[in-house]
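Just below is one structure, and these are the notes that go with it.
The values are calculated or read from the model by the stated rules, or taken from the named source; none is laboratory data. This structure is a prediction, so every number in the text was calculated from the model and none was measured. All Cβ positions, even for glycine, are placed from backbone atoms using ideal geometry, and neighbour counts span all protein chains on display. Side chains are part of the model used for accessible areas, which takes the heavy atoms of the whole protein and leaves out ligands, DNA and RNA. Shrake-Rupley method; radii C 1.70, N 1.55, O 1.52, S 1.80 Å.
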Amino acid sequence: MTTTHVRAACPHDCPDTCALIVTVENGVATEVKGDPDHPPTAGVLCTKVARYAERTYHPDRLLYPLRRVGKKGEGKFERISWDEALDTIAAKLKPIAARAPEAILPYSYAGTMGLVQGESMAQRFFHQLGASLLDRTICATAGATGYRYTVGASIGTDLEQFQDAKLIIIWGGNPIASNLHFWTRAQAAKRNGAKLIAIDPYRSLTAEKCHQHIAPLPGTDAALALGLMHVLIAEDLLDHEYIADYTIGYEELKQRAAEWTPARTAETCGIMEDEVVQLARLYGGMAKAGEPVAIRVNYGVQRVKGGGMSVRNIACLPALVGAWRHPAGGVQLSSSGSFPTNKAKLQRPDLLAGRTPRTINMSTIGDDLLKPSSPEFGPQVEAVIVYNSNPVAVAPESPKVAQGFAREDLFTVVLEHFQTDTADYADIVLPATTQLEHVDTHTSYGHLYMMANNAAIAPMGEAKPNTEIFRLLAARMGMDDPCFHESDDELAAQAFNAQDARAIHFDWESLKRNGWQKLNMPAAPFALGGFPTPSGKCEFYSAAMQADGLDPLPTYIAPYESAASNPELAKRYPLAMISPPARNFLNSSFVNVSSLRATEGEPHLDIHPTDAAARAIEHGDMVRIYNDRGSFACKARVTDKARAGLVVGLSIWWKKLAGDGKNANEVTSQRLTDMGRAPTFYDTLVQVEKVS
Ligand code: SF4
């Protein structure tokens, strides 16, 4: 018996990017544990990845290339050889590439967050082809854009400082389900006397454990932030010195905030006036007393029409009260902007050689797959290569997405671990390796460590890393640039800029040995200003926003779908629906792991007792959730966790593993946010009825 312990990193779309220790016995991974020495991980994994070995050795793993033999969507395939698969793909793509390369579309996201198995060799392949570019907007771009206009980059409070905060506002997130290691720090802060306040329309697991829960209507967070500014300014709970030295636009902001009285704010948000006033007094009062006050804002606030503005407004608050002065103060949206990554070296946009292909937004894939050729759109999409994503389950307005993938004249290739809803529509399915079977390197969007992932076991069956699949495809397509011969280790070695002071001493071989290395960043990044904005200050007034056609000051943008903005629609569909992550799933990953699905139970809809009674719905009844875009059915849970007027469908279920073959994205829309061209999953009105 030989036993080894291999250093690895969690690849999933989660801010925590845990350091893993994989126990391998005679070539078999027998245990995946959290690295006790990695400060953010501290030896603890979430329940999902603690079962990573179960996922890796799952009996349903795709182990061989497959060719479709049934109808699209039916999921019937036959095994073929790699040669046959690659020859088939090259034979299909070559004539399209010669005629209209933009008719080929990559579709990928964060199925792995790895810099190597994500967008390195894959992007080189598509750049060389001249394929359509993909705007990867499906999760974070609205908030990231709003934050960037205000603060300059996705840089904020270090995760490892939160335990010293005395007030933590958890805004638009449920860290127990999706940011566990932040929650550990928040609990430590609570034990040290900190107050925790959750702002979320839904009383999530996290909100239940906070001292206070404020439940604004979905899409009204920007108004709440303006109301807080109003009280902070009116009651002079400000850090005037910080404002004078490190911000611009205060006088204009003051005028704007004056419009947002607590009464107007409360009415817009559907909360009590006193909740606005007391929260502002607590936040500003503690900051004024020199206590560290921190905000963890998460992506829940930005999946609505005004999502970018919501994050922007929240990001103004720490500068008003001088919270950035303290390492445990400020705000964290994402730490991703802290990393000096070398994306151009990995992805080689120079291979486009002056060509400027069109860009297709991944959030409107439903419409775009159904568009014919036109001067505005360009050529109809004729081939899609999907990797690290499952659009049939996760993209908005799912009926259209499925209709697009069902097109008989569309050639679809899917690289996957499992036969997902999307793989069911593929012409060719290629088996991809999991994180235990390949090399990678990672940044994080929750902490400040560069991470290494060593291969712990040999690839299962005939599975191959994404990089190798694109190398082989490049060779079949006749691409001979030397960059298509670089190994995964050579790619990883280029991932970070070792000349940058933040990544000082970065060396791939030592990172592989050690597993992780912290960036060289100041403990309080904006204590003395230094914001990476055009002005170098926190921008209450943003000239860049004005140049981009946006309101240069914080403002409120009502949802597309709400009683206030569209009363006619609200008469037919009076309930707002959100679909945040279920605790045991990670987007659509892990839904097929039986033990996790068993814990999650079955798809359900949380509905307030008042709304349920008005529809004669009882706990456990089957209900149909519908609007003009579609419908899905699941069991009702009558609970006041969902505020009145709100229904909540924890997600994202694979459609084929849900009772009626549908999920919450049947009713979400393809409309985009105010900035960042992101989807508006939580800007959805529905009606609910009992079904027999
Ligand atoms: S999903 Fe998140 S919490 Fe779970 S192991 Fe991965 S990084 Fe850690």
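If contacts are Cα pairs under 8 angstrom and at least 6 residues apart, what is the relative contact order of region 567-690 in percent? Intermediate results must be reported in sequence, preceding the final value.
Details: 268 pairs, mean separation 44.7, N = 124.
Reported as a whole number, the value is 36 percent.
Taking 0.36 nm per intervening residue step and subtracting the Cα-Cα distance, what contour gain separates Asp507 from Gln278 on full extension? Walk me through the numbers on the way to the answer.
Working: separation 229, 0.36 × 229 = 82.44 nm, distance 4.98 nm.
Working it through step by step, the gained length comes to 77.5 nm.
Volume of the convex hull of region 245-397 (Cα atoms only), normalised per residue: 229 Å³. Once you have a ≥ b ≥ c as the square roots of the Cα gyration tensor eigenvalues for region 573-641, tell me rounded if a/c is under 1.5, and otherwise prolate or oblate according to whether a/b is larger than b/c. It comes out prolate by the Cα gyration axes.
Measuring nothing but alpha carbons in region 266-338 and taking Rh as the Kirkwood radius, the Rg to Rh ratio lands at 1.00.
For region 640-652, putting each phi into the Karplus relation 6.51 cos²θ - 1.76 cosθ + 1.60 with θ = phi - 60° gives couplings of 7, 4, 8, 5, 4, x, 10, 10, 10, x, 4, 9, 10 Hz, in residue order, rounded to whole numbers and with x for Gly and Pro. Placing +1 on the Cβ of every Lys and Arg and -1 on the Cβ of every Asp and Glu, with nothing else charged, gives region 567-690 a dipole about its Cα centre of roughly 220 debye. Cross-chain or 8 or more residues apart, Cα under 24 Å: how many lysine pairs in region 567-690 fit that? Count them up, please. Counting lysine pairs in region 567-690 gives 12.
Figure the gain on full extension for Glu241 and Ala100 (residue separation times 0.36 nm, minus the Cα-Cα span) and round it to one decimal in nm. Working shown, then result.
Working: separation 141, 0.36 × 141 = 50.76 nm, distance 5.82 nm.
Contour length minus Cα-Cα distance gives 44.9 nm.
Across His438, His230, the residue with the most accessible area heads the list, and the full order at a 1.4 Å probe is His230, His438.
Sort out the exposed loop trypsin sites (Lys or Arg not before Pro) in the chain (DSSP loop, at most 14 other Cβ within 10 Å) and tell me the longest stretch that has none. Answer - 359-692. Both numbers refer to the Cα atoms of region 567-690; Rg and Dmax are 14.2, 44 Å. Database remark: amide H of Cys634 closer than 5 angstrom to the amide H of Val623, Ile625 (H placed geometrically; neighbours at sequence offset of 5 or more, or on other chains; Pro and chain starts carry no H).
The Cα atoms of region 341-447 define a convex hull whose projected area, averaged across directions, is 9.1 nm².
Report the charge-dipole magnitude of the chain in Debye, nearest 20, computed about the Cα centre from +1 at each Lys and Arg Cβ and -1 at each Asp and Glu Cβ. If you can, show how the numbers build up before the last one.
On the way: 68 positive and 78 negative charges, 133 e Å.
The calculation lands at about 640 debye.
The radius of gyration of the Cα set in the chain, together with its Dmax, comes out at 24.6, 72 angstrom.
Taking amide H positions as modeled 1.01 Å from N, with prolines and chain starts lacking one, the residues under 5 Å from Glu31 and 5 or more places away or on another chain are Thr23.
Amide H contacts of Ala432: Glu416, His417, Lys464, each under 5 Å away and 5 or more positions distant or on a separate chain (H built 1.01 Å from N in the peptide plane; Pro and chain starts excluded). Distance between the C-alpha centers of region 163-212 and region 558-593? Whole Å please. Computed from Cα coordinates, the inter-centre distance equals 23 Å. Based on Cα contacts under 8 Å between residues 6+ apart, the chain shows a relative contact order of 21 percent. Starting from the Cα gyration tensor of region 208-325, take the square roots of the eigenvalues, sort them a ≥ b ≥ c, and report rounded, prolate or oblate (rounded when a/c is under 1.5, otherwise prolate if a/b is larger than b/c, else oblate). Judged from the Cα gyration tensor, region 208-325 comes out rounded (a/c under 1.5).
When the Kirkwood hydrodynamic radius is evaluated over all pairs of different C-alpha atoms of region 129-229, what value in angstrom, to one decimal, is obtained? Mind dumping the intermediate values first?
Working: mean 1/r = 0.0648 Å⁻¹.
Evaluated on region 129-229, it is 15.4 Å.
Of the accessible area of region 388-491, with the probe set at 1.4 angstrom, what percent is carbon plus sulfur?
Numbers: 1300 of 2600 Å².
Heavy-atom surface of region 388-491 belonging to carbon and sulfur, 1.4 Å probe: 50 percent.
Computed over every Cα-Cα pair of region 494-576 and binned at 10 Å starting from 0, the pair-distance distribution P(r) comes out as 14, 20, 19, 21, 17, 9, 0 percent.
Note that region 535-549 has calculated 3J(HN,Hα) couplings of 8, x, 10, 5, 9, 5, 10, 10, 5, 5, 5, 4, 4, 8, x Hz, one per residue in order, obtained from phi through the Karplus relation 6.51 cos²θ - 1.76 cosθ + 1.60 (θ = phi - 60°); glycine and proline are x. Computed over region 253-394, relative contact order equals 14 percent, with contacts defined as Cα pairs under 8 Å that lie 6+ residues apart. Shown in residue order for region 439-445 are the 3J(HN,Hα) couplings computed by the Karplus curve 6.51 cos²θ - 1.76 cosθ + 1.60 at θ = phi - 60°: 8, 7, 9, 9, 8, 9, 10 Hz (x for Gly and Pro).
If each DSSP helix of 4+ residues adds -39,500 (n - 2.57) and the sum is divided by the residues in the chain, what number results at 222 nm, nearest 500 deg cm²/dmol?
Working: 24 runs with 201 residues, N = 692.
For the chain, the value works out to -8000 deg cm²/dmol.
Between the residues Ile652, Phe681, Gln670, the greatest Cα displacement towards the positive end of the dipole of region 632-690, with unit charges on the Cβ of Lys, Arg, Asp and Glu, is found for Ile652.
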